[in-house]
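Data first, discussion second: the structure below is written as C-alpha cells.
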Amino acid sequence: MSSEIKNADSFERILDNLAGGFDKKDKIFANEAGAKVFVETMKPKIPYRSKLRNAHGHAEKSHLRDSLIEVKHSNGSVHVGFTSKGEKGYIGRFLNDGWDVKDKNGETHSHVAGLDFWGDTQRDAKGKVGATVAAVLKEEMDKKVRDVK
C-alpha cells in the first residue's frame, strides 16, 4: 500500500484553483441565469391588455411585460425590475399592490386589490432560480477542475 499521492502538483493546483472561489464574472453569470428564470416565470403573470393606453388615454408602444430588465451590480448580484425608460415601474406597482380610487376632490371611494404577481413569482420561481444558479456555479466549478488537468 502506497502512502504517497501521485500527481501531487496537479492535485495542489486543483485545490488552489478551487480555493480561489468564484470571481465576480462567475457570480454575475450565475445570477443572470437565475434572473432570466425569474423574468420568464413572471411574464405570464403580468396582466396583458391588447390595447395599451397611458394615464392620459394615449396609445403606448410598449407593454409592462416588455419593460422587465435585469440590472447587474458591482458585487455580482443581479436585480430584476422595470425600466425607467418606459416609465412602467409605477404601473407595475399599482397592478401589483393595488390602489385607492379617489375622486377629483381627493376623497377615497374604493380600493382596487392588487394582483401580487411579484409575490406569486417569488414563490413559484424560488426553487427554479436556486437550481439554475447552483447548476451554473457547478458547471463553473467543474471547469476550474478540468482546466487544471
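Observations on the model:
- All lysines inside 19 Å of Lys45 as judged from Cα atoms, apart from same-chain residues fewer than 8 positions distant: Lys36, Lys88, Lys126, Lys128
- Full extension of the chain between Lys85 and Ala135 yields a length gain of 14.7 nm, computed as 0.36 nm times the residue separation minus the alpha carbon distance.
- Remark: spin-label model distance Asp97-Ile69 equals 2.0 nm, labels positioned 7 Å along the Cα→Cβ axis.
Bear in mind that the values in this text are calculations on the coordinates, not laboratory data. Fair warning: this is a prediction, and the values are worked out from it, not measured in the lab. Quick reminder, even Gly has a Cβ in these numbers, built from the backbone with ideal geometry, and neighbours come from all protein chains shown.
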